[in-house]
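One structure, as structure tokens, below. Some questions next.
Each reported figure results from applying straightforward, stated rules to the coordinates on display, with no laboratory input. Keep in mind the model is a prediction, meaning the values are calculated, not measured. Don't worry about glycine lacking a Cβ; one is built from the backbone with ideal geometry, like all the others, and counts go over all protein chains shown.
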Amino acid sequence: MPAFPRSRTVGLACAVMAPLLAVTACGATGTSATGPAGASQTASSAGADSRPSSAVVTDYLGYVGGKAGAADAGLAPITLGWVNVEGGPAGNPEATLGAHAAVKYVNDKLGGIGGHPLELNVCTVASAEEEGQKCGQQLLGDKNVSAIAVGNLFLGDASFNSVVAGAKPVLVGVATGPSMSTAKNTYSTFGDLPHIFGTWGTYARDVLKAKSAAVIHTNTPGDKIASGAAVKGLEAAGLTVKSVGFEAQAVDLIGPVTAAGAMTADVVVPISLGAGCVGIAKALKQLNVSKPVVSTPLCLSPDVAQGLGGDLPGWTYGIAQTLPMDSSAADSQAFLTASAQAGLDNATQTKVFAPLGWSTILTYAKVLNTVGADKINPASVAEELKKFTGPVIMGAAEVQCGKYQDAQAVCNDQSRFYQYGGKGAFKPLTDWIRPVQ
């Protein structure tokens, strides 16, 4: 197996599969990203995507309602705001790269927005909460910005939202920041952690027929939120759950894994990243635990593979997105083909926040074209976002914004589950499933 490059991503990162993707999904043919509606959507017959073709976005031109060809450089540009965390070990610069690639694709292939070039006013957060305030002020103060797109704003979200305060609509892929789910005039097409993790209960109950679960999580703020959501979803599905945390610097995790009841539970749910995933995997192996392990995408990272001798754990992984390395998925193939044409390299394509950025910008292109280039303003864009019901590029076929009164920004509560078979091979196990209601 090829050596894995280092990655700064510790979010929903899948860069570990980059060397293999060139052999699998990138070699796929038969998918049109620019052709007319009804273009060929060939997928691998082994574990092929079961979604109806109408729910799988591969025809980007038809999706955004554009006109084939380049935007008119002589027309005034239409500007979107863009904010993303890019500094520190948890930053995701690939989200911005995905967004820039989508803008280029819109301008080069999809006729811009009613012929007008699309552009981004970019503001990034490095390492401090107050930097979100700076971005809010920058994008709120630009009169040319009628709407704002967000990459992964897990830091700085509170100060950002306090400034924007609903004055301009905000579209985000996954609402990772604690305040994003309840922010005014905000729309999350892939959902937030509390609602996404509810699907772990549905999967455990309906697919695994499990009655009990062991949740092992890192004692960090983010993982505590995620584990709490997972426990809530599992208990709502009728499972008996025991949840045990461990400190991030811990190496030997036999104690926490044992305390959580992993040796007797019907399903094990690790919620950690990096060294934590490695420690949990090693402990499960030492304890000869053979029950299913259903992980978050946080364990899909190069350092996990390196820590385990060169490959990822052979676990099941849940995610609120079609994996870009799922070679059976026509929408993944379309993304890989089109984003490559826009200059996105293979290593970046397989980091999940890159297609999230791509999806967010193309959703905005659809919305802005529907509004009409000469009628774009914060109110008209917000009104169109309120009516958006999908499908989402590499996401759910149907979404419903405002479904949850306590989380008005959440438009999606669905996830998909994949089995990792080793050496880069992922097999889709489910279509989109929802939490137990």
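Express in nm, to one decimal, how much length is gained between ASP206 and SER290 on full extension, taking 0.36 nm for each residue of separation and deducting their alpha carbon distance. Mind dumping the intermediate values first?
On the way: separation 84, 0.36 × 84 = 30.24 nm, distance 1.93 nm.
Computed gain between ASP206 and SER290 is 28.3 nm.
If amide hydrogens are placed 1.01 Å from N in the peptide plane, which non-local residues have theirs closer than 5 Å to the one on ASN121?
Excluding prolines and chain starts, which carry no amide H, the hits are LEU80, GLY81, TRP82.
Measure off 7 Å from each Cα along the Cα-to-Cβ vector at ALA165 and THR370, then give the distance between these two points in nanometres to one decimal.
My value for the distance between the label points is 2.9 nm.
Semi-axes of the stretch 188-266's equivalent ellipsoid from the Cα gyration tensor, sqrt of 5 times each eigenvalue, largest first, rounded to whole Å?
Details: eigenvalues 89, 65, 12 Å².
Ellipsoid half-lengths, sorted descending, are 21, 18, 8 Å.
Over 27 Å between Cα atoms, which of LYS242/LYS403; LYS224/LYS403; LYS242/LYS282; LYS232/LYS403; LYS211/LYS403 qualify?
Working: LYS242/LYS403 30 Å; LYS224/LYS403 24 Å; LYS242/LYS282 20 Å; LYS232/LYS403 19 Å; LYS211/LYS403 29 Å.
Too far apart for the 27 Å limit: LYS242/LYS403; LYS211/LYS403.
Determine ³J(HN,Hα), in whole Hz, for all residues of the stretch 221-229 in sequence, where each value follows from phi through the Karplus function 6.51 cos²θ - 1.76 cosθ + 1.60 and θ = phi - 60°; x replaces Gly and Pro.
My calculation for the stretch 221-229 gives x, x, 6, 5, 5, 5, 5, x, 5 Hz in order.
Taking 0.36 nm per residue of sequence separation and subtracting the Cα-Cα distance, how much length would be gained by fully extending the chain between VAL251 and LYS403, in nm to one decimal? Intermediate values should be presented prior to the final figure.
Numbers: separation 152, 0.36 × 152 = 54.72 nm, distance 4.13 nm.
Length difference between fully extended and current span is 50.6 nm.
Report the far tail of the P(r) of the chain, meaning the percent of Cα-Cα pairs longer than 31 Å. Could you put the intermediate results ahead of the total?
Values: 34232 of 95266 pairs.
In whole percent, the long-distance tail amounts to 36.
In Å, what Rg and Dmax follow from the Cα atoms of the stretch 255-367?
Here Rg and the maximum Cα pair distance are 17.1, 52 Å.
Still on this model: What list of ³J(HN,Hα) values in whole Hz, one per residue of the stretch 115-132 in order, does the Karplus curve 6.51 cos²θ - 1.76 cosθ + 1.60 (θ = phi - 60°) give from phi, with Gly and Pro shown as x?
x, 7, x, 9, 9, 10, 9, 9, 9, 10, 9, 9, 8, 9, 4, 5, 5, x
On average, how much area does the Cα convex hull of the stretch 301-340 cover when viewed from any direction, in nm²?
Numbers: hull surface 15.1 nm².
Average projection, Cα convex hull of the stretch 301-340: 3.8 nm².
Give me the one-decimal Kirkwood hydrodynamic radius in Å for the stretch 73-137, with the sum taken over alpha-carbon pairs. Let's see the in-between values first.
On the way: mean 1/r = 0.0774 Å⁻¹.
One over the average 1/r among Cα pairs gives 12.9 Å for the stretch 73-137.
Ok, one more. Dipole size in debye (nearest 20) for the stretch 59-213 around its Cα centre, Lys and Arg Cβ +1, Asp and Glu Cβ -1? The partial results should precede the final answer.
Details: 10 positive and 13 negative charges, 93 e Å.
So the magnitude is around 440 debye.
May I pose another question? Determine the sum of side-chain charges near ASP72: Lys and Arg each +1, Asp and Glu each -1, restricted to other residues whose C-beta is under 15 angstrom from that of ASP72.
On the way: positive: LYS67, LYS109; negative: ASP108, GLU119, ASP374.
Surrounding charge for ASP72 is -1.
Based on the Kirkwood radius over alpha-carbon pairs, what is the Stokes-Einstein translational diffusion coefficient of the stretch 359-430 at 10 °C with 1.306 mPa s viscosity, in µm²/s?
Working: Rh = 14.4 Å.
Once the numbers are plugged in, D ends up at 111 µm²/s.
Okay, moving on. Going by amide H atoms built from the backbone, whose H comes under 5 Å of the H on ALA165, apart from near neighbours?
Excluding prolines and chain starts, which carry no amide H, there are no hits.
Can you give the net charge of the other residues whose Cβ lies under 13 Å from the Cβ of THR350, counting K and R as +1 and D and E as -1? Don't skip to the answer; put the middle values down first.
Numbers: positive: LYS351; negative: GLU94, ASP326, ASP345.
After counting each charged neighbour, the total is -2.
Normalising by the residue count of the stretch 210-289, find the relative contact order in percent from Cα pairs under 8 Å and 6+ residues apart. All intermediate terms of the calculation are to be shown ahead of the outcome.
Values: 130 pairs, mean separation 32.3, N = 80.
Relative contact order comes out at 40 percent.
Can you compute the radius of gyration and Dmax for the stretch 107-183, using only the Cα atoms, both in Å?
Rg and Dmax of the stretch 107-183, Cα atoms, are 13.3, 38 Å.
Let me ask something additional. Lys and Arg at +1, Asp and Glu at -1: add these up for the other residues within a Cβ distance under 11 Å of TYR63 and post the number. Don't skip to the answer; put the middle values down first.
Working: positive: LYS366; negative: ASP59, ASP331.
Local net charge: -1.
Output ³J(HN,Hα) for the stretch 293-310: one whole-Hz value per residue in order, computed from phi by the Karplus curve 6.51 cos²θ - 1.76 cosθ + 1.60 with θ = phi - 60°, and x for Gly and Pro.
These are the phi-based 3J(HN,Hα) values: 10, 10, 9, 7, x, 4, 8, 8, 9, x, 5, 5, 4, 5, x, 10, x, x Hz.
Quick query: amide H of MET325 versus all other amide H atoms, modeled in the peptide plane; which residues come in under 5 Å with a sequence gap of 5 or more or a different chain?
Hits under the 5 Å cutoff: none.
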